[in-house]
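To keep things clear, I will list the structure first and then write my remarks on it.
Just so you know, all these numbers are worked out from the coordinates, no wet-lab data involved. As the structure is a prediction and not an experimental result, all values here were calculated from the model. Cβ coordinates were reconstructed from backbone atoms using ideal geometry, including for glycine residues, and neighbour counts include every protein chain displayed.
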Ligand code: SF4
């Protein structure tokens, strides 16, 4: 662990580098806690380049906590649509509503009050409090942990609770107390731009002389690999209805059940958003889908011959490798079902939908266009 003069030099070099070379990111132009919070939530599981357009688009209708709290959830999800991990958007709005109800719309500047907000854990709380309020909390996420593991030549699984706790303590000792916000961003920036997972660019690193991992020649092999959860294969069949006007039918999953969802739980796989009638299949996909549709639409007759397979969609959600088999059903009129919505198949994004549903729509449309071209 660095101390005294070494620690002072380490801080000075890293902060100096950050202040000179930091990327110009839209959320860095503001000290508004709402904007910093929004960016931190969007950046969880999402790359910076992918998050920027969403961030800018989101701020149009929702420039502050009040507008987000008062919005229809569907609209919030629609603007999040494509970013994935939709619980982030749901929690963001729930937290905004709590901030309006309990803090008159002012983002709280107190760690305990921030940590009780939905979707905010230690990392996000430390990031917001240090950047927006200059409070002395060091951030620790996978990126920063990697940098710390290399600097200190720390081996083993970083997520093991004791090791993670040790990293948190190290991050706190290293934190520059006069500029905690810049410091945290400097650590993140180092992890994102130079001390990257593969091929760290040590020759450009402002703190190379302090790096034990580099001195030992093991930097690139750190952090050591975690044991991966084995992949589970899931196969789904989806019904893509199309009427003569090119309208299709989407459903909303049933409200929460308290049971822990299984690997093939359709509402989880479609991020609890609007989706094509879909069922997990085991064996005969068309037969399984037909049985599911007959149960769902007890008032109409559907025959197996109406189901036209239109290819395959591959998608991954955490440890699941999903294959969706879409089937087109060309019908005179769409079947009626309470709660279902009719939307143009060529533009389902008027409703909040997940990437999985978007891929199914794209595959079905391509097949329909090909079939029309052949006739
Ligand atoms: S010297 Fe290399 S491994 Fe060490 S912190 Fe810098 S970029 Fe990372």
For this session: Would you mind ranking 164, 17 by Cβ crowding within 10 Å, fewest neighbours first?
Result: 164, 17
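I need the Kirkwood Rh of the range 101-193: take the reciprocal of the average 1/r across all distinct C-alpha pairs and report it in angstrom.
Values: mean 1/r = 0.0722 Å⁻¹.
One decimal place: 13.9 Å for the Kirkwood radius.
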Problem set entry | Translational diffusion of the range 60-142, µm² s⁻¹ [Kirkwood Rh, Cα pairs; Stokes-Einstein; 4 °C; 1.567 mPa s] | 96
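Work out the FRET efficiency for residue 284 and residue 91 from their Cβ-Cβ distance, taking R0 = 56 Å, and round it to the nearest 0.05.
Working: r = 39 Å, r/R0 = 0.70.
Result of the calculation: an efficiency of 0.90.
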For this session: Take the alpha-carbon positions of the range 181-287, form their convex hull, and give its projected area averaged over all directions (one quarter of the hull surface) in nm².
Result: 13.8
Exercise. What ranking do 129-139, 52-62 get when scored by the average of other Cβ atoms within 10 Å per residue, highest first?
Worked result: 129-139, 52-62
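Rounded, prolate or oblate: which one fits the range 150-227, using the alpha carbon gyration tensor with axes a ≥ b ≥ c (rounded when a/c is under 1.5, else prolate when a/b beats b/c, else oblate)? Kindly include the intermediate steps, with their values, before the conclusion.
Working: a/c = 1.74, a/b = 1.11, b/c = 1.58.
Note, shape of the range 150-227 comes out oblate.
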Seminar exercise, completed: Longest principal axis of the chain (C-alpha) makes with the long axis of helix 122-133 (C-alpha) an angle, in degrees to the nearest 10, of 60
Problem set entry | Inter-label distance for residue 330 and residue 164, nm, one decimal - labels placed 7 Å from Cα along Cα-to-Cβ | 5.3
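How large, in Å, is the range 48-106 by the Kirkwood hydrodynamic radius built from its alpha-carbon pairs? Numbers along the way, then the final one.
Values: mean 1/r = 0.0856 Å⁻¹.
Value: 11.7 Å, from the Cα pair sum.
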Exercise. Taking 0.36 nm per residue of separation and subtracting the Cα-Cα distance, what length does fully extending residue 212 through residue 366 add?
Worked result: 50.1 nm
Exercise. Once label points are set 7 Å from the Cα along Cα→Cβ at both residue 226 and residue 245, what is their separation, rounded to one decimal in nm?
Worked result: 4.9
Exercise. Taking Cα atoms, how many degrees apart are the long axis of helix 180-193 and the longest axis of the chain, rounded to 10 and kept between 0 and 90?
Worked result: 60
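Give, in whole angstrom and from largest to smallest, the semi-axes √(5λ) of the equivalent ellipsoid of the chain, with λ running over the eigenvalues of the Cα gyration tensor.
Equivalent ellipsoid of the chain: 46, 24, 18 Å, largest first.
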Problem set entry | FRET E, pair residue 32, residue 9, Förster distance 35 Å, beta-carbon r, rounded to 0.05 | 0.55
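Round to the nearest 0.05 the FRET efficiency obtained for residue 109 and residue 178 when R0 = 22 Å and r is the Cβ-Cβ distance.
Values: r = 18 Å, r/R0 = 0.83.
With a Förster radius of 22 Å, E is 0.75.
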Problem set entry | Degrees separating the helix 285-296 axis from the principal Cα axis of the chain, which is the longest one | 80
